[in-house]
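K.L.:
One structure coming up, written as structure tokens, with questions to follow.
The values are calculated or read from the model by the stated rules, or taken from the named source; none is laboratory data. Predicted model, so just to flag it, every value in this text is computed and none were measured. With ideal geometry, Cβ positions are generated from the backbone for all residues, glycine too; neighbour counts draw on all protein chains shown. When the accessible area is computed, the model is the full protein with side chains, heavy atoms only, and any ligands, DNA or RNA have been set aside. Shrake-Rupley method; radii C 1.70, N 1.55, O 1.52, S 1.80 Å.
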Amino acid sequence: MSVCLDSWAVLAWLDGEEPALSRVEDVIASRPVISWVNLVEVYYRLERDHGRDVADETLAALRASLAPDLPGTARMIEAGRLKARAPIALADCFAAVTAAAHGLVLLTGDPELLEIADAPCGLEDLRAP
């Protein structure tokens, strides 16, 4: 089953945090979908924490392992609508509307996303075993 990942899931996977590590490892062969907005978030965090070379190398590997999704205008508006009604980060909005657009469950451990009462997609908590 294909799923969608957010930046929280990818960063936890890269950091080797369980149980996220095992769950992402379970789905990585199916090339999970990820919004480019979330990939950019992973990139800037890696560059800030580990330098540009590590960020560039990791982004290249992620592009080969994941199915990056570039949002069009309609998806951007949906992300804006979600942001207007939910107190979450804009990148989280892109993760949720990307998962919804593909009919996928979003794998995340981000408390802000997991606490949305009317999330546009299914959510799986990667913090719980």
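K.L.:
Loop only per DSSP, at most 14 neighbouring Cβ atoms within 10 Å: give me the GluC sites (Glu not before Pro) in the stretch 40-125, ordered by residue number.
P.N.:
Glu115
K.L.:
Quick one: pull the percentage of alpha-carbon pairs in the stretch 26-98 with a separation above 14 Å.
P.N.:
Of the Cα pairs, 63 percent sit more than 14 Å apart.
K.L.:
Moving on. Kindly work out what percent of the DSSP beta bridges joining two residues of the chain are antiparallel, to the nearest 5.
P.N.:
0
K.L.:
If packing is taken as the average count of other Cβ atoms within 10 Å, what order do 58-67, 9-18, 92-101 fall into, highest mean first?
P.N.:
Highest to lowest by the protection proxy: 92-101, 9-18, 58-67.
K.L.:
Hey, any idea what % of the stretch 79-127's accessible area is carbon plus sulfur with a 1.4 Å probe?
P.N.:
Looking at the stretch 79-127 in its full context, I get 53 percent from C and S.
K.L.:
May I pose another question? Roll a 1.4 Å probe over the protein chains and send me the accessible area per residue for the stretch 1-49 in Å².
P.N.:
46
K.L.:
Could you list which residues have their amide H under 5 Å from that of Ala67, counting only those 5 or more apart in sequence or on another chain, with H placed in the peptide plane?
P.N.:
The list, which skips near neighbours in sequence, is Val33, Ile34.
K.L.:
Distances over 24 Å make up what percent of all Cα-Cα pairs in the chain?
P.N.:
22
K.L.:
Apply 1/(1 + (r/R0)^6) to the Cβ-Cβ distance of Val105 and Asp49, taking R0 = 30 Å, and write down the FRET efficiency to the nearest 0.05.
P.N.:
For Val105 and Asp49, the calculated efficiency is 0.60.
K.L.:
Let me ask something else. Quick query: amide H of Gly109 versus all other amide H atoms, modeled in the peptide plane; which residues come in under 5 Å with a sequence gap of 5 or more or a different chain?
P.N.:
The answer is Ala9, Leu126.
K.L.:
Could you state the accessible area per residue of the stretch 54-129 in Å², with a 1.4 Å probe and every protein chain left in place?
P.N.:
50
K.L.:
Would you mind telling me the share, in percent, of accessible area of the stretch 35-76 contributed by carbon and sulfur at probe 1.4 angstrom?
P.N.:
Here carbon and sulfur together make up 54 percent of the probe-accessible area.
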